[in-house]
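Report on the structure given below.
The values are calculated or read from the model by the stated rules, or taken from the named source; none is laboratory data. Since this is a predicted model, take the numbers as computed values, not measurements. Glycine gets a Cβ as well: all are built from the backbone with ideal geometry, and neighbour counts include every protein chain shown.
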Amino acid sequence: MNISFENKRILVTGAGSGIGNGIATRLIKAGGTVIAVDRSKENLEKFKEAYPSIEIVVADIGDWKNTQESIKAALPVDLLVNCAGLDKVLSVPEITEDAFQAIFNVNIKGMIAITQVVVNDLLERNKPGSIVNISSKASTSGLLYQSLYCASKGAVDAFTRSVAVELGPKNIRINCVNPTVVLTELGIRAWSDPIRKKAVLDRIPLQRFAEVDEVADVVLYLLSDKSSMVTGHCLAVDGGYLAA
């Protein structure tokens, strides 16, 4: 399937590394103008060295006011990928208010703050748009010692569905992609323990974790006009995990 994003300005959060970087790279190769957002200035500068055409925005998206100001300075934006995320492995007795705020500030509050700025811009310009939120299979399947992360991703799914209903009449689509473990550098390290790894793989019918490009393929489809009748959907990229 040939998908082009020429003449499209696409904002990607979490673009400095991992899944976000993989998605942003694919969008560049498909002709899009990428606005890369990340809290790591170093990672963004390395990314720009490799792809000088990108625009970079250094922001801690957990800070609502400063993040919105930074995103407004990067407008106009035609397409949005909310990929930045944070996880902490904690049992219920270990949960603290700081841990709660850290995870929810990035995974849901920051995502909403950025979505609001982009949506307002699209509405003011009377333009169609497409938004993809990177959620997780954890939104619908409990993970041991990751209750805060699971709860935050459940909120991402619910927000996506509600916004799809609200903005559909304005021709602005919004969807989720819900991956299983993805083999980024962090993912490989986090799931290096063979016992923990096997426990998850045994529940995946395809018997493997996802590659970054397999997530990016779905994101590019949902951003593009090829998915023009798809909105409010949470698409699992999980090798059949949720079906088993």
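General remarks:
- Identity of the residue in the range 152-162, touching a residue at least 40 places away in the same chain (Cβ under 8 Å) and surrounded by fewer than 21 Cβ atoms within 10 Å (Cβ to Cβ), that ends up farthest from L223 (Cα to Cα): A155
- When N7 is tested against (1) part of a loop (DSSP other than H, G, I, E, B); (2) touching a Gly at 6+ places or on another chain (Cβ under 9 Å); (3) under 22 Å from F104 (Cα atoms); (4) not aliphatic (A, V, I, L, M), just one condition goes unmet, and that condition is (3).
- Residue among K48, K8 that is basic (K, R), over 19 Å from the mean Cα position of the chain (by Cα) and surrounded by fewer than 20 Cβ atoms within 10 Å (Cβ to Cβ): K48
- Just so you know, in the range 58-97 the residues that are of a type in the set (K, R) and free of Cβ contacts under 8 Å to residues at least 60 places away in the same chain include one that is surrounded by the most Cβ atoms within 10 Å (Cβ to Cβ), and it is K72.
- Qualifying positions in the range 116-140 - β-branched (V, I, T) and under 12 Å from L80 (Cα atoms): V117, V118, V119, I131, V132, I134
- Taken over the range 11-20, residues that are in a helix (DSSP H, G or I) and surrounded by 24 or more Cβ atoms within 10 Å (Cβ to Cβ) amount to 2.
- Of the residues making up the range 124-135, those that are farther than 15 Å from P169 by Cβ and either loosely packed, with under 15 Cβ neighbours inside 10 Å or at pLDDT below 95 (or both) number 2.
- Search result, residues across the range 19-71 that are small (G, A, S) and in contact with a Leu (Cβ under 7 Å, 6 or more places away or on another chain): A30, A36
- Of all the listed residues (D38, D98), the sole one being of a type in the set (D, E), at pLDDT 95 or above and over 16 Å from the mean Cα position of the chain (by Cα) is D98.
- Restricting the range 232-244 to residues that are over 16 Å from the mean Cα position of the chain (by Cα) and surrounded by 13 or more Cβ atoms within 10 Å (Cβ to Cβ), the residue that is farthest from L201 (Cα to Cα) is L242.
- Between S228, S224, the distinction of being at pLDDT 95 or above, surrounded by fewer than 20 Cβ atoms within 10 Å (Cβ to Cβ) and farther than 18 Å from T115 by Cα belongs to S228 only.
- Selection within the range 30-71 - outside any strand (DSSP E or B) and of a type in the set (A, V, I, L, M): A30, L44, A50, I54, A59, I61, I71
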